[in-house]
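Novice: If you scroll down you'll find the structure; I have some questions about it.
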């Protein structure tokens with residue numbers, strides 16, 4: 001799957017991923033109204049509005065981008081109907097040729113991590129049949145429990161040719177509270193980064209590992225160090241745009257081959273029509289505003305990478 | 001909710017929780033056959049078998065115990081039908097008067113953690129209506145992202161009078177890989193434990209905080225240290241039984257008031273009929289075997305606590 005991701009990035013010239021993290025407050029009134037009219041002000045109504053919103057944005061951007069990253073929490077909060085739309089979104093994006101990174105941040109003891117891996121990137125056996133319940137292409141994983149919590153994901157990954165992004169240094173303001181603590185003279189995130197490189201070593205695609213890492217755009221200097229520690233790991237970089245990261249912060253997340261990083265923007269793309277810059281599109285044309293925001297993001301990163309050369 | 005949990009523990013004289021972590025391999029043939037006959041060898045069939053299995057065990061044990069802990073991964077691996085049965089299990093246990101600890105180990109950046117908290121222990125607004133999608137009483141939370149990843153759970157907790165157990169020192173063999181690393185002369189898990197005590201300080205029930213911790217039974221010496229660091233935090237102790245923990249390992253997880261800890265056993269209870277000790281019950285009477293295993297566990301912990309006095 002990492003080979004396919006890289007091929008898609010090269011084909012689109014866009015090392016970016018659109019975060020499909022819909023909040024109801026991002027969804028234009030006319031979309032909400034239509035869904036509520038059909039399903040009521042219910043979990044089903046909210047889920048339908050999310051689905052309509054996602055589909056329009058995917059339709060408007062899928063030729064420009066290699067991948068999407070739905071954040072499962074935004075669906076899970078609407079219970080079963082929300083999770084049904086999560087799965088429907090995964091399917092729809094895959095039909096459109098996009099690679100889907102399920103932002104699930106799961107992680108548990110061995111047998112439990114195995115169940116998560118099975119449900120999200122693997123297949124589960126029931127009697128003589130096998131099912132792939134959520135069938136994402138990549139998932140994000142929390143490393144706090146150590147190797148035996150991560151290994152089951154790696155195993156499923158290798159078997160199914162899927163991919164992982166392990167949390168190393170997250171983009172949020174208090175990520176440093178534990179992740180930056182010094183251990184034998186080096187921060188915890190570097191120790192985690194080293195493990196990511198190890199976990200990924202026997203799980204290689206053509207030039208990069210199936211096992212990647214999450215490192216926030218909001219910490220460019222740490223990205224630079226981690227790039228060296230995990231040379232064969234793709235880095236998923238959240239925190240661009242609404243969280244404060246900019247193109248120029250991103251150059252050190254990439255390798256000299258121009259690969260090695262994929263940058264996520266969520267709110268900045270899917271709620272673009274709410275920004276002054278794209279206000280002229282109006283709520284009616286929210287999906288076109290998202291397309292314009294994708295184009296601007298690609299140009300920003302492209303020019304930052306060119307300048308850095 | 002912590003007050004209710006303590007009252008239930010005192011009423012049952014049983015500081016234990018039954019882990020409803022069903023794997024298909026635990027479910028007796030006759031239960032599987034019946035579900036597969038009705039729903040086919042499908043996700044629905046698997047989910048129905050889990051539901052029948054859970055219900056029988058809950059019916060057979062609910063008068064003896066204060067709480068259950070369904071592990072959501074075991075449901076999530078069967079996709080939407082699995083998650084429907086997770087929710088149905090939560091509801092059924094609550095109807096039976098049990099407190100439900102959702103073992104979800106979620107944790108993300110602020111707004112995303114807020115969505116998880118809303119979906120699992122809070123209420124989500126849709127237009128003029130509010131829904132509680134999964135409505136557990138407690139959930140487990142992963143602290144790797146630091147305060148702003150945990151705080152939204154604490155906020156919902158306070159508002160809804162629910163509870164949390166934050167992962168501090170997990171029961172698995174490689175939990176030490178990151179959690180035991182020394183930072184300024186003390187292991188990471190102690191620093192996390194200190195944060196748990198802080199997060200819980202402004203979120204107090206009558207004698208204990210709404211914010212508890214997870215500390216594995218497999219590390220009794222660390223339990224002893226953490227008991228002192230978090231005197232007002234209830235400790236959820238996994239790893240008893242199948243993972244190797246015994247009654248005598250548990251005494252230091254408790255405070256001198258005889259409270260402060262609740263011990264989980266999953267496989268040891270729900271798959272008791274597969275153990276030599278309870279084999280005479282036979283697969284037909286798996287739920288009675290679970291009841292016997294609960295009684296033995298209560299007696300084991302009770303005698304260990306009495307001996308320690």
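Novice: Got a number for residues in the range B:164-175 being farther than 20 Å from residue B:137 by Cβ and at the interface with chain A (Cβ under 7 Å from one of its Cβ atoms)?
Specialist: Summing the residues that are farther than 20 Å from residue B:137 by Cβ and at the interface with chain A (Cβ under 7 Å from one of its Cβ atoms) in the range B:164-175 gives 6.
Novice: Pick from B:101, B:57, B:50: which is in contact (Cβ under 8 Å) with a residue 12 or more places away in the chain and in contact with a strand residue (DSSP E or B) (Cβ under 6 Å, 6 or more places away or on another chain)?
Specialist: Result: B:101 is the single residue among B:101, B:57, B:50 that is in contact (Cβ under 8 Å) with a residue 12 or more places away in the chain and in contact with a strand residue (DSSP E or B) (Cβ under 6 Å, 6 or more places away or on another chain).
Novice: Considering only the range B:26-135, give the strands (runs of 3 or more DSSP E) lying wholly within it that have at least 3 residues that are more than 8 Å from every other protein chain (Cβ to nearest Cβ) and on the phi < 0 side of the Ramachandran plot.
Specialist: Where strands (runs of 3 or more DSSP E) fall fully within the range B:26-135 and carry at least 3 residues being more than 8 Å from every other protein chain (Cβ to nearest Cβ) and on the phi < 0 side of the Ramachandran plot, they are B:99-106.
Novice: From the set of residues in the range A:180-200 that are crowded, with 24+ Cβ neighbours inside 10 Å and within 15 Å of residue A:219 (Cα to Cα), which is farthest from the other protein chains (Cβ to nearest Cβ)?
Specialist: Result: A:193.
Novice: Test residue A:42 against the criterion of being in contact with a strand residue (DSSP E or B) (Cβ under 7 Å, 6 or more places away or on another chain), surrounded by fewer than 18 Cβ atoms within 10 Å (Cβ to Cβ) and modelled with pLDDT of 95 or more, and give yes or no.
Specialist: It is true that residue A:42 is in contact with a strand residue (DSSP E or B) (Cβ under 7 Å, 6 or more places away or on another chain), surrounded by fewer than 18 Cβ atoms within 10 Å (Cβ to Cβ) and modelled with pLDDT of 95 or more.
Novice: Collect the residues in the range A:197-211 that are assigned to a helix (DSSP H, G or I), more than 10 Å from residue A:154 (Cβ to Cβ) and in contact with a helix residue (DSSP H, G or I) (Cβ under 8 Å, 6 or more places away or on another chain), keeping them in residue-number order.
Specialist: A:197
Novice: Anything in the range B:209-218 that is buried (at least 24 other Cβ atoms within 10 Å of the Cβ) and either in contact (Cβ under 8 Å) with a residue 60 or more places away in the chain or within 12 Å of chain A (Cβ to nearest Cβ) (or both)? List them, or say none.
Specialist: B:209, B:210, B:212, B:214, B:216, listed by residue number.
Novice: Moving on. Within the range A:214-238, can you find the residues that are touching a helix residue (DSSP H, G or I) at 6+ places or on another chain (Cβ under 9 Å), assigned to a loop (DSSP other than H, G, I, E, B) and either modelled with pLDDT under 95 or closer than 18 Å to residue A:180 by Cα (or both)?
Specialist: A:216, A:217, A:218, A:219, A:230 - these are the residues of the range A:214-238 that are touching a helix residue (DSSP H, G or I) at 6+ places or on another chain (Cβ under 9 Å), assigned to a loop (DSSP other than H, G, I, E, B) and either modelled with pLDDT under 95 or closer than 18 Å to residue A:180 by Cα (or both).
Novice: Just the residues that are more than 14 Å from residue A:265 (Cα to Cα) and within 11 Å of another protein chain (Cβ to nearest Cβ), please, taken from the range A:6-25.
Specialist: Within the range A:6-25, A:23, A:24, A:25 qualify.
Novice: Further question: In the range B:247-259, is there at least one residue being part of a strand (DSSP E or B), touching a strand residue (DSSP E or B) at 6+ places or on another chain (Cβ under 9 Å), touching a residue at least 24 places away in the same chain (Cβ under 8 Å) and closer than 19 Å to residue B:140 by Cα?
Specialist: no
Novice: Quick one: in the range A:136-156, of everything that is in contact with a helix residue (DSSP H, G or I) (Cβ under 9 Å, 6 or more places away or on another chain) and part of a strand (DSSP E or B), which residue is farthest from residue A:266 (Cα to Cα)?
Specialist: Per the stated criteria, the residue is A:141.
Novice: Restricting attention to the range B:136-163, and to residues there that are more than 9 Å from chain A (Cβ to nearest Cβ) and farther than 17 Å from residue B:115 by Cβ, which single residue is farthest from the chain's Cα centre (by Cα)?
Specialist: Per the criteria, the residue is B:158.
Novice: Next question, about the same structure. Being under 24 Å from residue B:168 (Cβ atoms) and surrounded by fewer than 22 Cβ atoms within 10 Å (Cβ to Cβ) is the filter; apply it to the range B:103-126 and report the residue that is modelled with the highest pLDDT.
Specialist: Checking each candidate, the answer is B:114.
Novice: Output the number of residues of the range A:127-139 satisfying the condition of being without any contact (Cβ under 8 Å) to a residue 40 or more places away in the chain and buried (at least 24 other Cβ atoms within 10 Å of the Cβ).
Specialist: 1
The values are calculated or read from the model by the stated rules, or taken from the named source; none is laboratory data. This structure is a prediction, so every number in the text was calculated from the model and none was measured. Every residue, glycine among them, receives a Cβ derived from its backbone with ideal geometry; neighbour counts consider all protein chains shown.
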